[in-house]
Every structure is written in C-alpha cells, then in structure tokens.
Amino acid sequence: MRFIQYVAGLGLALALAACGGGGGLGGAVAPTSAASTPATTAANSSVSSIVINSTSTTLNVDGTSSLSFTVYGLTSGNANVSGATIDLAATSGVILSAPSVTTTSTGATFTITALTSDQSTRTATITASCTACAAVKTTKDINVVGASISLANTGSTSLIIG
C-alpha cells in the first residue's frame, strides 16, 4: 500500500512539473510594476515634474496591439533632465516593456500591451515616479478595449433568439 502511495505521489509531482506549475497567465509574461528597490541617480534630484505622453489612450486586447509612451523628467524650468531614472507601474492586466526607464534629452520611451486572457473593457492606469526627486507621481489612464461580438442582418435572413 505504501508503494502505491509513493508512486501516486511521484506521478502527481511529475505531472505538476510537466505543466509548468502555478500561475494563471497561460504562458504570458507577468505584468511588471515599479522596481522593489527603485534606482536613484544624481539626475533625479533635478526632476521637479514628470510628464507621460502618448499619441493614443486606447489599447486593444487582440494579442498584437501595443501603445508607445514617452516619459519626461523635467526641471522646474521645464527643461528635460538626462539620466534620471523613472519607475513605472501599470494596473488592470497591462504589461510594461520595462519596470523603469532612464531619460535622455528627448525623454524615455516604453510600450505597453494587455493580457489577452482578460477580454473585458476596462481602464488601466500607468504610473510614473522617481526616487529622491521633488516630482509627485504622475498617472495616465488608458482605455483597454476587449473583444466584442456583433451580429449583422442583411435583411434576407431572420435571427430567432429564445
């Protein structure tokens, strides 16, 4: 009897190892958030505000869509700060290309995508912050648009429901 329990336990362990174990993302990369120990650079002390720009605020959940953003660390005179580390975070199943970026004279670019396992339409928030700077956290809301189904009737067929 003990031998059967041993073999059953070993079989269960092998089955779990073969399927990859826990997590519910179906092979997708886990969403990233701000680094647990944010980096601080000398340039961070010059940042008095953070700006997040994008040409769009709508992200489709189709497995291929992404949005690009540019984040700027600005001085009190609105000049770009090069070398500042900006920490990023996202909500609602949005995946960041990096948990932090380092600014240049033209800002820093990052992209986002959405988990395809969540097809709901929702609002996600992108947050940018920096350590050891005077700037407050800056947020940008993104409309995440999930799947939808529509029926079209060309007039020659009937659709009976119920």
Quick one: Leu25 ticks every box in (1) assigned to a loop (DSSP other than H, G, I, E, B); (2) over 21 Å from Lys137 (Cβ atoms); (3) modelled with pLDDT under 90; (4) open to solvent by 70 Å² or more (accessible area, probe 1.4 Å) bar one, so which box is it?
(4)
Filter result for Val51 (of a type in the set (Val, Ile, Thr) and at pLDDT below 95)
no
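Only one of Thr125, Thr154 is among the β-branched types (Val, Ile, Thr) and within 28 Å of Ala84 (Cβ to Cβ). Can you tell me which? First the steps, then the outcome.
Values: Thr154 fails: within 28 Å of Ala84 (Cβ to Cβ).
Within the list Thr125, Thr154, the selection yields Thr125.
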Near pairs, Cβ below 6 angstrom, 6+ apart or cross-chain, from region 122-133 (of a type outside the set (A, V, I, L, M)) to any residue that is open to solvent by 30 Å² or more (accessible area, probe 1.4 Å) and outside any strand (DSSP E or B):
Arg122/Ser92; Thr125/Thr91; Thr127/Lys137; Ser129/Lys137; Thr131/Pro38; Thr131/Thr40
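Those residues that are in contact (Cβ under 8 Å) with a residue 40 or more places away in the chain, more than 19 Å from Val145 (Cα to Cα) and not hydroxyl-bearing (Ser, Thr, Tyr), I need them from region 87-113; list them, please. So that I can check it myself, show each step before the final result.
As a first pass, look at region 87-113 and keep what is in contact (Cβ under 8 Å) with a residue 40 or more places away in the chain: 87-90, 92-96, 98-100, 102-103, 107, 109-113.
Subset that is more than 19 Å from Val145 (Cα to Cα): 87-89, 98-100, 102-103, 107, 109-110.
Those that are in contact (Cβ under 8 Å) with a residue 40 or more places away in the chain, more than 19 Å from Val145 (Cα to Cα) and not hydroxyl-bearing (Ser, Thr, Tyr): Asp87, Leu88, Ala89, Ala98, Pro99, Gly107, Phe110.
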Of all residues being part of a strand (DSSP E or B) and open to solvent by 20 Å² or more (accessible area, probe 1.4 Å) in region 60-73, which is farthest from Ser120 (Cα to Cα)? Just the residue, please.
Tyr72
Of the listed residues (Ile126, Ile86), the one being touching a Gly at 6+ places or on another chain (Cβ under 9 Å), modelled with pLDDT of 95 or more and either surrounded by fewer than 17 Cβ atoms within 10 Å (Cβ to Cβ) or closer than 24 Å to Ser48 by Cα (or both) is Ile86
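Considering Ser56, Ser76, Ser82, which residue is without any contact (Cβ under 8 Å) to a residue 12 or more places away in the chain and either within 19 Å of Ala43 (Cα to Cα) or over 15 Å from the mean Cα position of the chain (by Cα) (or both)?
Numbers: Ser76 fails: without any contact (Cβ under 8 Å) to a residue 12 or more places away in the chain; Ser82 fails: without any contact (Cβ under 8 Å) to a residue 12 or more places away in the chain.
Just one listed residue meets the conditions, Ser56.
The values are calculated or read from the model by the stated rules, or taken from the named source; none is laboratory data. In this text, all values refer to a predicted model and were calculated from it rather than measured experimentally. Every residue, glycine among them, receives a Cβ derived from its backbone with ideal geometry; neighbour counts consider all protein chains shown. Protein only, heavy atoms only, side chains kept; ligands, DNA and RNA dropped before computing areas. Shrake-Rupley method; radii C 1.70, N 1.55, O 1.52, S 1.80 Å.
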